[in-house]
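Structure first, commentary second.
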Amino acid sequence: MTEPSSDDGRTLRRETERVVNEIAQGLCTLDAGVSWFSGLAPTRQQMVLQEVAGYAMQAHVTAADGRAGVARSGVKPTANPSVMICMDPPRYGFAGLPSAEHVKAFRVLVSVFAVADTRRRERYCKGACGHAWHNLPAATEQP
């Protein structure tokens, strides 16, 4: 398997940003996002996990966000990704998990990001937000 070119990497980052923010804003279901993620090659899944972990860090995920997100994710609280995100401070080495845990990690990361980003949108961006990713158009049927 070859590494994606830098253009492919940028395209994947933009697509990841769109899918994750649509899920966080309720414009796309978590299951649709998981379906998109599951269709990626393992190296691309690792890239997506690194990207989404970065979004979670930027959203300043708290341990409380972690617990609430894990509850939404459908992943057991004792699974590695769940334990990692609920630590204080959270651990973000999701791309280093075995490939069999990537889907769980994606579910947890996106769910926790949704909790943290919603909190931040309501608290800091309400009515005066200039962040393009907080002003997405209505849902399209695809993730």
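Does Ala59 meet the test of being in contact with an Asp or Glu (Cβ under 8 Å, 6 or more places away or on another chain), on the phi < 0 side of the Ramachandran plot and at pLDDT 95 or above?
The answer is no for Ala59.
Checking each residue in segment 31-43 for being of a type outside the set (S, T, N, Q) and either over 20 Å from Tyr92 (Cβ atoms) or surrounded by fewer than 19 Cβ atoms within 10 Å (Cβ to Cβ) (or both) picks out Asp31, Ala32, Trp36, Gly39, Leu40, Ala41, Pro42.
For segment 87-110, give me each residue that is within 15 Å of the chain's Cα centre (by Cα) and open to solvent by 10 Å² or more (accessible area, probe 1.4 Å).
Passing the criteria: Pro90, Arg91, Tyr92, Gly93, Ala95, Glu101, Val103, Lys104, Arg107.
Against the test of being at pLDDT 90 or above and of a type in the set (Lys, Arg), the options Arg107, Arg91, Arg120 yield a single qualifying residue, Arg107.
The values are calculated or read from the model by the stated rules, or taken from the named source; none is laboratory data. Just so you know, these numbers come straight off a predicted model, no measurement behind them. Heads up, the Cβs are rebuilt from the backbone with ideal geometry, glycines too, and the neighbour counts pull from every protein chain shown. Accessible surface is based on the protein model in full, side chains and every heavy atom, while ligands, DNA and RNA are left aside. Shrake-Rupley method; radii C 1.70, N 1.55, O 1.52, S 1.80 Å.
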